Amino acid sequence: MNKQELLEKLKKLELNGSGYCILSGGSLVIHGIKEQTGDLDLYVTQEQFLDLKNRYEMIDKSNKEIYQYPLYNIPEYDVDIYLMKDVKIDYVDDIPVQSLEQIAEFKKRRLELGVKPEKDREDLEKILNYMKQRKLKEEIER
């Protein structure tokens, strides 16, 4: 899924205001770090979750070995919904996305667990390079 496809899927879900943010690979696409992602992962508030649960069938995919919070899937749109408590949100073009720092921490944790090591190693390298370039750009502009 590219950026346009992600945004179209978000629009179809009819999410309420600021009760969500795009996580992980989708966030990397919105940041411009990656061109594509395989799926759309969203953090939602409890209120947003209840609204979605009333409108869509959901499958509980929680896995406490990997995730420290509940995880649900909306099969109709193949969107994963995370009920995280401590998501750090940035905005890119007014789109709420998970912070790169938090994604990097998550990728490091998964690497330690051996979950999708090739993908996470590649993503982590891209994130760190992007953050380094962004920091250099900010220093030059001062």
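Could you check the stretch 1-17 and list, in sequence order, the residues that are of a type outside the set (D, E, K, R) and free of Cβ contacts under 8 Å to residues at least 60 places away in the same chain? Before you say what the answer is, go through the steps one by one.
The first filter runs over the stretch 1-17 and keeps only residues of a type outside the set (D, E, K, R), leaving 1-2, 4, 6-7, 10, 13, 15-17.
Listed by number, the residues that qualify are Met1, Asn2, Gln4, Leu6, Leu10, Leu15, Asn16, Gly17.
Among the conditions (1) over 14 Å from the mean Cα position of the chain (by Cα); (2) more than 25 Å from Glu47 (Cα to Cα), the only one that Met58 does not satisfy is (2). In the stretch 1-39, of all residues being more than 18 Å from Leu100 (Cβ to Cβ) and aliphatic (A, V, I, L, M), the one that is surrounded by the most Cβ atoms within 10 Å (Cβ to Cβ) corresponds to Leu13. Exactly one residue out of Ser99, Ser27, Ser18 is more than 21 Å from Asp123 (Cα to Cα) and hydroxyl-bearing (Ser, Thr, Tyr): that is Ser18.
Out of the residues in the stretch 118-134 that are over 15 Å from the mean Cα position of the chain (by Cα) and under 10 Å from Leu100 (Cα atoms), state the one that is surrounded by the most Cβ atoms within 10 Å (Cβ to Cβ). Among those residues, the one meeting the criterion is Tyr130.
Taken together, the values in this text are just the output of simple stated rules run on the coordinates, not laboratory data. In this text the structure is predicted, and so the values were computed from the model without any measurement. Cβ coordinates were reconstructed from backbone atoms using ideal geometry, including for glycine residues, and neighbour counts include every protein chain displayed.
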